[in-house]
1. Among PHE24, PHE286, what is the fewest-to-most ranking by other Cβ atoms within 10 Å?
2. Expressed as a fraction of 2.2 N^0.38 Å, the rule-of-thumb size for a compact globular protein of N residues, what is the C-alpha radius of gyration of segment 55-187?
3. Quick check for you: which residues of segment 206-220 have the amide N under 20 Å from the point 7 Å beyond the Cα of HIS461 toward its beta carbon?
4. Pairs of lysine in the chain with Cα under 27 Å and at least 8 positions apart or on different chains: total?
5. Note down the Stokes-Einstein diffusion coefficient of segment 261-302 in µm²/s, whole number, using a Kirkwood radius over alpha carbon pairs, 10 °C, and 1.306 mPa s.
6. To the nearest whole percent, what portion of all C-alpha pairs in the chain is separated by more than 36 angstrom?
7. When the Kirkwood radius is taken over all Cα pairs of segment 120-200, what Stokes-Einstein diffusion coefficient follows at 4 °C and 1.567 mPa s, in µm²/s?
8. With a 10 Å Cβ neighbour count serving as the proxy for reagent exposure, in which order, fewest first, do VAL231, VAL443 appear?
Amino acid sequence: MSRTIIVSNRLPTKVLRTDDSLSFQPSEGGLATGLGSIYRSNNNVWIGWPGLFVHDAAEEAYVTEQLRADSMAPVFLTEPEIRDYYEGFSNATLWPTFHYFHQFATYVDAHWDAYVAVNEKFCRAVLAQAGPEDTIWVHDYQLLLLPEMLRQARPEASIGFFLHIPFPSYEILRLLPWRQEVLHGMLGSDLIGFHTFGYMRHFLSAVSQLLGLPTQSGEIETASHTVRVDVFPMGIDYERYAQAAASDEAAQHEQVYREALRDTRVILSIDRLDYTKGIAQRLRAFECLLQRYPEWREQVSLIMVVVPSRDQVAQYAALKEEIDELVGRINAQYRTITWNPIQYFYHAFPLEELAALYRMAEVALVTPLRDGMNLVAKEFVACKADQHGVLILSERAGAARELSDALVINPTSTSQLAEALHTALVMPDAEQQTRMAAMQALVRRYDVFDWTDNFLGQLAHIKAQQRTLATA
Ligand code: GDG
């Protein structure tokens, strides 16, 4: 019986070293939820890095055995590999380039070499698991070369690839010295998925201009096979968020928060620390709101959750400093004895508390400068049982293609953002409800399970067509 093999840089379980023992912690990420029912059924498997540097062969065997019991197969990476392949090429070259922050990108040959070598390592790990009839679904920018490596080894395999971040325009992609290699790597797939039509169009244009391959109606003819390219906007586990927000636990948290905030109205901002997320711009817009509309002083609080991420990298450390400084300055200028404008947290919250924040916020401020999709926007919508609340959403988040009932803004404009905040705070209940109901219907219908079914369904269909053609 054919199996489905999921491949991503990180496994959905993180192995942590505490003193002398190891602990296994499940990841809460959207991908882990969406694919949870897939990799745990039918003898399927998820291949990826467990987030741990193993000390010796015995430890490696122990971790492998533990993960095997939960349908996972680890790829062990060394510290130099993580430094050069992950922090280097993935996060300091591809991430900034694909998010249009090319001024932050470094182009280091040794990082590229490590990227190739680690993709090869993943390839060996997949080949050790995959039979000729199996379906292999590769995820994200850390593994762009893997589909073609797999294709070389298994010409008949069924290979899908999904990119979770934006695919940039041709003019940006061509800054990358290894642009052709990257495109060839992706084209090993039978099916390539993107969050939005725009990303797909950029990819097709890059393939045509840089590789000279014909691209017609979402299909690319390579020397060996046809590659189908399509749009699959990723969703969330709607019911999980709706239920978490409706739980007694969330209601209790909300009550505590409301008392602490003295019933001021709440604007919510939640992100990983990243320069793509527009966190500093958001703070300036909040400051502009307080300046321009003094009537909101002491009436509104901004709850800002920033989840630590990549803070060893220079740009991230600088951003953290900028945020600390802005928060300090704005709070110092506007606070009163009984009111603090910004409640700033530099740590993650457990899901129930996060749901309580979503539930109590009247406005969610989701204003990335670039974002593949942005799941926070969808989670906020899922948590609004009473259909009150306004989503302010950047036009440069993939989610804006679907959530057109949000207040869609250009995040570069402080003034526009401040006006959107004011509009959200004075929006009549009936309008909030109409907008929220429309967004809820969409986010509920196109959830993460629908996304998974759609992608794997289309991949199966493509393969079946290929097999029919081959035998005709
Ligand atoms: C990449 C792409 C694309 C955040 N704070 C807490 C917490 N979170 C969770 C959110 C959400 C997730 O983290 C963040 O997801 P995003 O989609 O917003 O952003 P990235 O991490 O950059 O993800 C992105 C995504 O892949 C999927 O394709 O949408 O564009 O960049 O789920 O809820 N979770 C908890 N506590 C927190 O404090 N428990």
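Throughout, read-outs are computed from the coordinates displayed, never taken from laboratory work. Note that the structure is a prediction, hence the values are computed from the model and not measured. Virtual Cβ from ideal backbone geometry, glycine too; neighbours counted across all protein chains shown.
1. Least crowded to most crowded, the residues run PHE24, PHE286.
2. Ratio of Rg to 2.2 N^0.38 Å for segment 55-187: 1.12.
3. 216-220
4. 9
5. Stokes-Einstein gives a translational diffusion coefficient of 139 µm²/s.
6. Of the Cα pairs, 32 percent sit more than 36 Å apart.
7. Estimated via Stokes-Einstein, D reaches 99 µm²/s.
8. VAL231, VAL443
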